[in-house]
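Peer 1: First the structure, which I've put down as structure tokens, then a few questions once you've had a look.
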Amino acid sequence: MPARRSIDLQGASTYFSAMAKLEIITLPDPKLRQVSAPIERVDDELRKLADDMLETMYDAPGVGLAAVQVGILKRLIVLDTAKEEEPPSPLVMINPEIRHLGSEMRTYEEGCLSIPEVRVDIERPADIVVGYIDKDGKPQELKADGLLATAVQHEVDHLNGRLIIDFLSRLKRDMVVKRFKKQAKGDVEA
Ligand code: NI
């Protein structure tokens, strides 16, 4: 998910200086529709990928990124929904699994770094419980609400090949896909 404000990278860029920026794939890349595979081993290679994804996300700037968005079909997501005045609080979730969805719903206007310029009003449960494995290989459980609850659901959708345009009517969805297919061919409209 993209950030709706520009993120101050002063602190973050120093901290993440050893990392590498990855390329974000966009619609209509067919990988975005595939289901990502569970991760069986948490090792240095995976931690490096998570760090690189965080740098890519901060650079975009975004508040969430799934591994599939950098072309890697593994169940790994990174997030940071800290507010502007707060210090960065990066979250790495391996094999995230939403265990509980609250009954109260909340609508956010969501965007997606893989579908630039498109925003969709999406109603989702306002609070959730998510289980995951952390960077040290330890199981964790987190209760989330607000923007974090939305971002986790958005990124977990990516792991299942689901995109924000799936919340649109079929007609509107087809229009968006068509536009991105045209752009991919270099036939860009003004
Ligand atoms: Ni997205």
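Peer 1: Look through V152, V129, V176, V156 and report the one residue that is touching a helix residue (DSSP H, G or I) at 6+ places or on another chain (Cβ under 6 Å) and closer than 22 Å to L65 by Cβ. It would help to see each step written out before you state the result.
Peer 2: Working: V152 fails: touching a helix residue (DSSP H, G or I) at 6+ places or on another chain (Cβ under 6 Å); V129 fails: touching a helix residue (DSSP H, G or I) at 6+ places or on another chain (Cβ under 6 Å); V156 fails: touching a helix residue (DSSP H, G or I) at 6+ places or on another chain (Cβ under 6 Å).
From the options V152, V129, V176, V156, the qualifying one is V176.
Peer 1: Of all residues in segment 35-54, which are of a type in the set (A, V, I, L, M, F, W, C) and either assigned to a loop (DSSP other than H, G, I, E, B) or over 12 Å from D134 (Cα atoms) (or both)?
Peer 2: Pass one, segment 35-54, residues of a type in the set (A, V, I, L, M, F, W, C): 35, 37, 39, 42, 46, 49-50, 53-54.
Hits for segment 35-54 are V35, A37, I39, V42, L49, M53, L54.
Peer 1: Here's something else I'd like to know. Can you tell me how many residues within segment 157-176 are within 11 Å of the ligand (Cβ to nearest atom) and more than 12 Å from the chain's Cα centre (by Cα)?
Peer 2: Qualifying residue count, segment 157-176: 1.
Peer 1: Taking segment 79-98, which residues are of a type in the set (V, I, T) and surrounded by fewer than 19 Cβ atoms within 10 Å (Cβ to Cβ)?
Peer 2: I98
Peer 1: Also: Check V156, V152, V176 and return the single one that is crowded, with 16+ Cβ neighbours inside 10 Å, among the aliphatic types (A, V, I, L, M) and more than 13 Å from R124 (Cβ to Cβ).
Peer 2: V176
Peer 1: Taking the condition of being farther than 12 Å from P2 by Cβ and assigned to a helix (DSSP H, G or I), how many residues in segment 57-70 meet it?
Peer 2: Total satisfying the criteria: 3.
Peer 1: What number goes with the only condition from (1) in contact with a Leu (Cβ under 7 Å, 6 or more places away or on another chain); (2) surrounded by fewer than 13 Cβ atoms within 10 Å (Cβ to Cβ) that S114 does not pass?
Peer 2: (2)
Values in this text are rule-based calculations from the coordinates and carry no lab data. Treat the numbers as computed from the prediction; the structure is a model and nothing was measured. For neighbour counting, all protein chains shown are included, and Cβ atoms are generated from backbone atoms with ideal geometry for every residue, glycine included.
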